[in-house]
Amino acid sequence: MAGTVIGEGLTIEGELTGDDEVVVHGTVRGTLTTSDAVSVGSSGVVEADLTASSVTVAGQVTGNVVAQERVDIQAGGRLVGDVKSARFTIADGASFKGSVDMDV
């Protein structure tokens, strides 16, 4: 599988940057920047500002999110922070608190 997987039980703190897809099942604190996609699994916790091509949230994200293409909050996902993206979806059963700027 291409990309980086942050597994359950793993906590990473600091500034993460890269060009590959990042899948988070553990915990990330700080900043996370990639030119590819970020997926936060149902067990994932992100306390960081995210910058990516697209962001999918099934777990918990606290921080501002900037995505060139789209941000999707899936059922059971929770995002607290401001979102800047061309497209933004919130599924039934998802939680969002913040502001949205779709003027990208």
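The values are calculated or read from the model by the stated rules, or taken from the named source; none is laboratory data. The structure presented is a predicted model; accordingly, all values stated were derived computationally and were not measured. In this analysis, Cβ positions are derived from the backbone assuming ideal geometry, glycine residues included, and neighbour counts consider all displayed protein chains.
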Which residue out of 71, 55, 24 is in contact with a Gly (Cβ under 9 Å, 6 or more places away or on another chain) and not charged (D, E, K, R)? 24
Restricting the search to the stretch 90-104, which residues are modelled with pLDDT under 95 and loosely packed, with under 11 Cβ neighbours inside 10 Å? 103
Some residue of the stretch 61-72 being of a type in the set (Lys, Arg), in contact (Cβ under 8 Å) with a residue 12 or more places away in the chain, touching a Ser or Thr at 6+ places or on another chain (Cβ under 6 Å) and over 23 Å from residue 14 (Cβ atoms): yes
Suppose we filter the stretch 61-104 for residues that are assigned to a loop (DSSP other than H, G, I, E, B) and aliphatic (A, V, I, L, M); how many remain? 5
Name the single residue that is modelled with the lowest pLDDT among those in the stretch 10-40 being touching a Ser or Thr at 6+ places or on another chain (Cβ under 9 Å) and of a type in the set (Gly, Ala, Ser). 18
Is it fair to say residue 87 is out of contact with any helix residue (DSSP H, G or I) (no Cβ under 7 Å at 6 or more places or on another chain), charged (D, E, K, R) and surrounded by fewer than 16 Cβ atoms within 10 Å (Cβ to Cβ)? yes
Would you check which residues across the stretch 27-52 are among the aliphatic types (A, V, I, L, M) and either farther than 22 Å from residue 92 by Cα or touching a Gly at 6+ places or on another chain (Cβ under 9 Å) (or both) and list them? 28, 32, 37, 40, 45, 46, 48, 50, 52
Is it true that some residue in the stretch 32-43 is more than 18 Å from residue 5 (Cβ to Cβ), free of Cβ contacts under 8 Å to residues at least 24 places away in the same chain and more than 9 Å from the chain's Cα centre (by Cα)? no
Are any residues in the stretch 5-48 surrounded by fewer than 15 Cβ atoms within 10 Å (Cβ to Cβ), polar (S, T, N, Q) and outside any loop (DSSP other than H, G, I, E, B), and if so, which ones? 11, 17
